[in-house]
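Have a look at the structure below, then the notes.
The values are calculated or read from the model by the stated rules, or taken from the named source; none is laboratory data. Given the structure is predicted, the values throughout are model-derived calculations rather than measurements. Note that each Cβ is placed from the backbone with ideal geometry, even for glycine, and that neighbours are counted across all protein chains shown. The protein model used for the area step is the full one, side chains on, heavy atoms only, and it has no ligands, DNA or RNA in it. Shrake-Rupley method; radii C 1.70, N 1.55, O 1.52, S 1.80 Å.
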Amino acid sequence: MNVKTSKLEVLLWSIAFPGFGQLINRQLIKGILFITLELLINTYSHFNQVIMLSFLGEIDEAVQTVEFGWLMFYPCVYMFAMYDAYKNADGPEPPLSFLPFAFGAYFVTVGLMYSPKLKLFGVLFGPIWLPMLSLIPGLLTGFLIRFIILRIHSFRKR
């Protein structure tokens with residue numbers, strides 16, 4: 001039985017855990033690879049501990065705990081796993097749909113780089129909250145660039 005999954009379903013499972021979207025799409029090897037990368041990066045960056053410290057408001061301790069060398073891999077792996085699951089799910093893939101995912105990864109990575117020092121409104125957001133906040137302008141930039149390119153392309157067709 002070949003049951004196709006919706007783009008929203010795989011996107012939401014990929015947000016929950018990289019690789020789950022691929023498993024739902026029946027791409028077992030790719031799914032296991034993303035899950036393995038997630039576990040490897042998570043373990044060596046101390047990501048879960050840093051998340052917990054950040055949620056408890058212990059931002060300085062989170063900055064001291066995180067292994068940035070490992071965590072820097074996470075945004076690209078995370079966003080690419082989401083995009084890959086999305087593009088392989090049932091339904092048409094909108095043109096240039098990779099742009100919001102790619103720019104989201106770029107901006108989250110930059111947010112992570114600045115997270116030990118950058119304060120917004122006098123508040124240090126740290127290695128969890130600043131990258132998460134950076135996703136918003138990343139996605140908006142990706143959607144805006146996609147819109148502009150598609151608009152230019154449609155004008156050229158006329």
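Of all the numbered requirements in (1) surrounded by fewer than 15 Cβ atoms within 10 Å (Cβ to Cβ); (2) closer than 18 Å to residue 11 by Cβ; (3) free of Cβ contacts under 8 Å to residues at least 24 places away in the same chain, residue 123 misses one, and that requirement is (2).
Here is a list: 114, 106, 83, 74. Which entry is among the hydroxyl-bearing types (Ser, Thr, Tyr) and over 23 Å from residue 19 (Cα atoms)?
114
Residues in the range 99-109 that are touching a helix residue (DSSP H, G or I) at 6+ places or on another chain (Cβ under 6 Å) and touching a residue at least 40 places away in the same chain (Cβ under 8 Å): 99, 100, 101, 103. Consider the range 130-150 and keep the residues that are in contact (Cβ under 8 Å) with a residue 40 or more places away in the chain and in contact with a Ser or Thr (Cβ under 8 Å, 6 or more places away or on another chain). The one that is most open to solvent (accessible area, probe 1.4 Å) is 146. Exactly one residue among 51, 41 is surrounded by fewer than 18 Cβ atoms within 10 Å (Cβ to Cβ) and part of a helix (DSSP H, G or I), and that residue is 51.
Looking at 96, 112, just one residue is touching a residue at least 12 places away in the same chain (Cβ under 8 Å), outside any helix (DSSP H, G or I) and closer than 22 Å to residue 15 by Cα, and that residue is 96.
Kindly check whether there is at least one residue in the range 14-25 that is over 16 Å from the mean Cα position of the chain (by Cα), open to solvent by 50 Å² or more (accessible area, probe 1.4 Å) and free of Cβ contacts under 8 Å to residues at least 40 places away in the same chain. Yes. When the range 10-68 is examined, which residues are found to be among the hydroxyl-bearing types (Ser, Thr, Tyr), closer than 18 Å to residue 130 by Cβ and in contact with a Phe, Trp or Tyr (Cβ under 8 Å, 6 or more places away or on another chain)? Listed by number, the residues that qualify are 45, 54. Among the residues making up the range 59-83, those that are outside any helix (DSSP H, G or I) and either open to solvent by 90 Å² or more (accessible area, probe 1.4 Å) or touching a residue at least 40 places away in the same chain (Cβ under 8 Å) (or both) are 66, 72, 73. Return the residues of the range 95-117 that are closer than 17 Å to residue 59 by Cβ and open to solvent by less than 70 Å² (accessible area, probe 1.4 Å); say none if nothing qualifies. Matches in the range 95-117: 111, 112, 115, 116. If you go through the range 20-33 one residue at a time, do you hit one that is part of a helix (DSSP H, G or I), among the basic types (Lys, Arg) and farther than 21 Å from residue 117 by Cα? Yes; the residues of the range 20-33 include at least one that is part of a helix (DSSP H, G or I), among the basic types (Lys, Arg) and farther than 21 Å from residue 117 by Cα. When residue 90 is tested against (1) modelled with pLDDT under 95; (2) outside any loop (DSSP other than H, G, I, E, B), only condition (2) is not met.
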